[in-house]
Amino acid sequence: MDWIPDPVVSLINYIPAVTQDSRPGACAALQTTLRLENTIITSATHVAGGSTVSTPGSCQSSTPVTASICRVQFIVNTTSTSRVHAEAWLPDEWYGRFLGVGNGGLNGCIDYDMIDYGSSLHFAAVGSDNGHDGNDDPSFAEPEVINDFAFRAIHVEAVIGKQIVEAYYGRSHSKSYYLGCSTGGRQGTQAALRFPEDFDGILAGAPATDFNHLLGWEAMLGRYIGAPNPTTSPSFISLDLWNVVAAEIMKQCDTLDGVEDGIITEPDDCHFKPSVLLCHPKNKATDCLTKAQVAALEKIYQPLLGLNKELVYCKPGAPALRARTLNLHVTFEPYHIN
């Protein structure tokens, strides 16, 4: 049975407000006394600030904890074939704000850096694995697991996370926020469209909203600079050379808005001309490009068109297309097209 939880689900056991001396006990009691819809609390422990804790799943083995928190690990069964693993980090000094965080790429990784950041700023922070473990979880082929990835995991972490917060602190949150980038930005957009009651404010950075076309575009970018065999391709651009490219883009487009401030305010107005980087006898080999590399850049900084000249994906915002991003797609290009 599909599980789209009601935003208001009563707590079977309500735990009194936590006090300074009762924190470890009140935290541990969540595991044994709190009952929530389709949810299992697997662990609830008080962690001193400055500690390092082990983490489940395949993404990483440990993570630092900045502020003293009640760390609650839980699993929500979203359907009979899907589940979301999540954690709530509840700071000892809480200012009444709730923070849900997103994920990145295709990964099923709890963003521990972000929930640590949030809890260090006195947010009750909750993050999930997006319904699967890491990048290689075979369950990702299941339709309901894809639904968790597409829209449901963030809703689940918001609804169940808020109930855990209320149970622990003895009062509900005053404001609820969301923070995510890339896939996290897409998740934030989905949250606003599907479940507008979940968050009072949403910071959805670089949202990967046209996801299928985005992956196809990324695969083509990898092809342009040598995928799947970059070491033998004349069009491959090294990380060091990408720094040269980024500097030239900034030089050409920074002042389009009338201010030289290291910011390209409207990337669509930037019509980058890679040809100025073409190597000449007077250039150093470390700060210029070959004809093949210039040709690759000219393809990259154009909109991607389909077989019938239809727009598949817009050109990248310059110079946001960073070296690390493109060179990763040289390595992972087969992953995008399989």
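The values are calculated or read from the model by the stated rules, or taken from the named source; none is laboratory data. Quick caveat: nothing in here was measured; it's all calculated off a predicted structure. Here Cβ is always computed from backbone atoms with ideal geometry, including for glycine, and neighbour counts include all displayed protein chains. Only protein heavy atoms, including side chains, enter the accessible area calculation; ligands, DNA and RNA are left aside. Shrake-Rupley method; radii C 1.70, N 1.55, O 1.52, S 1.80 Å.
Each row is one residue, and each column tells you yes or no for (1) out of contact with any Cys (no Cβ under 6 Å at 6 or more places or on another chain); (2) charged (D, E, K, R); (3) in a loop (DSSP other than H, G, I, E, B); (4) open to solvent by 70 Å² or more (accessible area, probe 1.4 Å).
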residue	(1), (2), (3), (4)
251	yes, yes, no, yes
256	yes, no, no, yes
261	yes, yes, yes, yes
265	yes, no, yes, yes
268	yes, yes, no, yes
272	yes, no, yes, no
275	yes, no, no, no
281	yes, no, yes, yes
292	yes, no, no, no
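Look at residue 108 and say whether it is without any contact (Cβ under 8 Å) to a residue 60 or more places away in the chain, among the small types (Gly, Ala, Ser) and touching an Asp or Glu at 6+ places or on another chain (Cβ under 6 Å). Considered against the rule, which asks whether it is without any contact (Cβ under 8 Å) to a residue 60 or more places away in the chain, among the small types (Gly, Ala, Ser) and touching an Asp or Glu at 6+ places or on another chain (Cβ under 6 Å), residue 108 comes out as yes.
Would you please name the residue that is most open to solvent (accessible area, probe 1.4 Å), looking only at residues in the range 196-206 that are modelled with pLDDT of 95 or more and hydrophobic (A, V, I, L, M, F, W, C)?
Checking each candidate, the answer is 203.
Name the single residue, out of those in the range 294-307 being in a loop (DSSP other than H, G, I, E, B) and open to solvent by 30 Å² or more (accessible area, probe 1.4 Å), that is farthest from residue 225 (Cα to Cα). Taking the candidates together, the pick is 307.
Could you check, for the range 207-224, whether at least one of its residues is under 21 Å from residue 124 (Cα atoms), open to solvent by less than 30 Å² (accessible area, probe 1.4 Å) and under 19 Å from the mean Cα position of the chain (by Cα)?
Keep residues of the range 207-224 that are under 21 Å from residue 124 (Cα atoms), which gives none.
Checked against the condition, which is being under 21 Å from residue 124 (Cα atoms), open to solvent by less than 30 Å² (accessible area, probe 1.4 Å) and under 19 Å from the mean Cα position of the chain (by Cα), the range 207-224 yields no hits at all.
Looking only at residues in the range 181-195 that are under 10 Å from residue 206 (Cα atoms) and open to solvent by 10 Å² or more (accessible area, probe 1.4 Å), the one that is farthest from the chain's Cα centre (by Cα) is 186. Can residue 77 be described as under 16 Å from the mean Cα position of the chain (by Cα) and open to solvent by 20 Å² or more (accessible area, probe 1.4 Å)? So residue 77 does not fit the description; no.
Given the structure, is residue 44 crowded, with 21+ Cβ neighbours inside 10 Å and not in a loop (DSSP other than H, G, I, E, B)? Answer is yes for this residue.
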